[in-house]
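These notes are about the structure you will find just below.
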Amino acid sequence: MGVISDKKFVCVLGSTGSIGLSTLSVIDQQSDRFQVFALTAHSNIDLLVAQCHIYHPKYLVITDPDLYQALLTKVKANCLDVAVLSGPESLNEIVSHDDVDIVVAGIVGAVGLDSIYHALCQSKTVLVANKEPLVMAGNFLVDVAKKNHATILPIDSEHNAIFQCLSQSAPPYSSDQGILKILLTASGGPFLNTPMNELRNVSVSQAIKHPKWNMGKKISIDSATMMNKGLEVIEAHYLFAAPVDTIEVVVHPQSIVHSMVQYVDGSTLAQLANPDMRVPIGHALNYPHRARLNVKPLSLGDISTLQFQAPDFERFPCLSLAYESLSKGRAAVVGLNAINEVVVDAFLEKKIRFSDISILIESVMGDFNAPNPNSIEEVFSVNAVARESALEGLSKFKYVESKEVR
Ligand code: NDP
Ligand code: MG
């Protein structure tokens with residue numbers, strides 16, 4: 001274990017979410033190593049203020065501008081010595097601050113792209129959980145990082161596992177790493193064994209209840225449809241410069257093996273840990289060192305056997321849609337992500353059924369056509385067009401299906 005010195009200043013984007021809370025839990029254990037510089041939330045001002053009492057950041061950001069006054073009032077009432085900013089553009093300002101060493105990207109969805117981009121432009125070390133921006137613009141972000149001597153460290157558990165199994169250090173990776181295959185493990189989510197004819201009527205609360213991980217709503221639904229694994233295939237493709245046909249999904253319901261890398265010389269390396277996001281977050285925060293963390297160690301004696309199976313593409317059409325989008329090009333990938341975000345929102349709002357998610361994505365993707373983006377700005381445009389298409393598809397779909405759904 002290397003010698004660790006210097007306290008690092010950390011921006012926790014999305015501190016009120018599941019990734020944010022896991023990050024703060026690691027920081028709790030390493031307060032001699034890390035100091036919170038900024039905390040951000042979209043709407044949860046009560047939790048943001050509670051976190052401010054504990055972590056004493058220099059800045060609080062509330063991205064919903066309508067909540068600025070309410071947050072300021074609370075900050076004053078609590079006599080907190082902190083600067084308050086609001087609006088999505090404040091995230092860019094905060095991650096670019098000279099004093100910031102590390103940015104933890106724990107916002108959900110495409111809205112997180114701009115702040116990751118700004119942090120990389122300012123040569124920061126960015127720990128990325130927020131996978132949607134990597135899916136939308138992974139190739140551009142890896143290039144921006146390279147150009148600005150910034151570092152992207154994956155904390156999505158599978159990508160962190162792959163990162164740990166690679167012989168090269170942090171991204172960007174060359175295409176010649178001697179990799180035969182990346183084996184991306186998937187829990188299979190809550191409906192791995194649910195009879196197919198019951199999937200149509202599963203409720204939002206059943207879909208959100210992941211058997212192994214406690215996560216935000218959007219990623220929980222993505223896990224239930226396995227779109228999450230599809231997005232992760234794309235994330236791995238960009239992050240590790242891995243051709244699509246070298247990335248294979250393996251269902252592993254126990255969520256102990258977080259992914260594997262199979263090399264051309266016959267070796268397969270795996271990273272194993274209990275399903276606890278503090279493991280990948282702690283690894284990346286301390287990288288390239290290893291720090292002692294208070295997490296439950298793995299007991300292989302208790303586990304005894306590890307189970308693996310091939311994914312069922314018929315049960316999980318979203319996984320096929322993700323591979324298909326990659327074969328169509330970058331615009332299709334941005335489109336897939338945007339359409340999925342709109343459609344998952346509709347499911348969470350109980351406007352459509354669970355099985356409608358993949359039907360709708362496939363139908364909107366079928367009509368979606370946009371030129372491949374050549375810059376981050378163009379990614380934003382394609383994203384906006386795709387969201388529009390999805391909203392239109394959704395309104396037509398509701399119209400056609402309304403009698404049956406309601
Ligand atoms: P949560 O829904 O739990 O948290 C999302 C966070 O983002 C909250 O702090 C939320 O603030 C904030 N937020 C929501 N909308 C906006 C917005 N429009 N602008 C700015 N901030 C916003 O999500 P998770 O923590 O589960 O996931 C975060 C990201 O990490 C996702 O991309 C997910 O795919 C990825 N990830 C998550 C894992 C997990 O274990 N949770 C594992 C691997 C990847 P507020 O609370 O105020 O709404
Ligand atoms: Mg993951």
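Here are a few things to note about the model shown:
- Residue match in segment 158-180 (condition: crowded, with 18+ Cβ neighbours inside 10 Å, charged (D, E, K, R) and either more than 10 Å from ligand 1 (Cβ to nearest atom) or assigned to a helix (DSSP H, G or I) (or both)): yes
- Test result for GLU198, of a type in the set (Asp, Glu), in contact (Cβ under 8 Å) with a residue 40 or more places away in the chain, closer than 25 Å to ASP356 by Cα and not in a loop (DSSP other than H, G, I, E, B): no
- Of all residues making up segment 93-142, the number that are closer than 21 Å to SER325 by Cβ and among the charged types (D, E, K, R): 2
- Verdict on ALA110 being within 13 Å of ligand 1 (Cβ to nearest atom), surrounded by 23 or more Cβ atoms within 10 Å (Cβ to Cβ) and modelled with pLDDT of 95 or more: yes
- When segment 123-163 is limited to residues that are on the phi < 0 side of the Ramachandran plot and out of contact with any helix residue (DSSP H, G or I) (no Cβ under 7 Å at 6 or more places or on another chain), the one that is farthest from ligand 2 (Cβ to nearest atom) turns out to be LYS147.
This table checks each residue for (1) of a type in the set (A, V, I, L, M, F, W, C); (2) over 25 Å from ARG387 (Cβ atoms); (3) at pLDDT below 95; (4) within 21 Å of the chain's Cα centre (by Cα).
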position: GLN168; (1), (2), (3), (4): no, yes, yes, no
position: SER175; (1), (2), (3), (4): no, yes, yes, no
position: LEU199; (1), (2), (3), (4): yes, yes, yes, no
position: ASN214; (1), (2), (3), (4): no, yes, yes, yes
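- Among the residues of segment 31-58, those that are among the polar types (S, T, N, Q) and surrounded by 22 or more Cβ atoms within 10 Å (Cβ to Cβ) comprise THR40, GLN51.
- Test result for ALA137, among the hydrophobic types (A, V, I, L, M, F, W, C), assigned to a helix (DSSP H, G or I), away from ligand 1 (no atom under 11 Å from the Cβ) and under 23 Å from ASP64 (Cα atoms): no
- Among residues of segment 274-306, those that are on the phi < 0 side of the Ramachandran plot and either in contact with a helix residue (DSSP H, G or I) (Cβ under 7 Å, 6 or more places away or on another chain) or among the hydroxyl-bearing types (Ser, Thr, Tyr) (or both), counted: 15
- Within segment 364-391, residues that are among the polar types (S, T, N, Q) have Cβ atoms under 7 Å from residues that are part of a helix (DSSP H, G or I) and surrounded by fewer than 19 Cβ atoms within 10 Å (Cβ to Cβ) in these pairs: SER389/ASP367, counting only partners at least 6 apart in sequence or on another chain.
- The residues on offer are ALA110, ALA77, and the sole one that is in contact with an Asp or Glu (Cβ under 6 Å, 6 or more places away or on another chain) and more than 16 Å from ligand 2 (Cβ to nearest atom) is ALA110.
- SER223 vs. criteria crowded, with 17+ Cβ neighbours inside 10 Å and of a type in the set (Gly, Ala, Ser): yes
- Within segment 13-40, residues that are over 19 Å from SER90 (Cβ atoms) and of a type in the set (A, V, I, L, M, F, W, C) reach partners that are in a loop (DSSP other than H, G, I, E, B) and within 16 Å of ligand 2 (Cβ to nearest atom) with beta carbons closer than 7 Å, at six or more positions or on different chains, in the pairs ILE19/GLY106; ILE19/ALA129; ILE19/MET277.
- Segment 1-30 - residue that is over 16 Å from VAL128 (Cβ atoms) and within 10 Å of ligand 1 (Cβ to nearest atom) and, of those, surrounded by the fewest Cβ atoms within 10 Å (Cβ to Cβ): LEU21
- Close contacts from segment 211-230, counting a first residue that is farther than 13 Å from PHE191 by Cα and in contact (Cβ under 8 Å) with a residue 12 or more places away in the chain and a second that is more than 7 Å from ligand 1 (Cβ to nearest atom) and of a type in the set (Gly, Ala, Ser), with Cβ to Cβ under 6 Å and a gap of 6+ residues or different chains, come to LYS229/ALA186; GLY230/ALA322.
The values are calculated or read from the model by the stated rules, or taken from the named source; none is laboratory data. Only a predicted model underlies this, so the values are computations on that prediction, with no experimental measurement involved. So basically every Cβ, Gly included, is an ideal-geometry build from the backbone, and we count neighbours across all protein chains shown.
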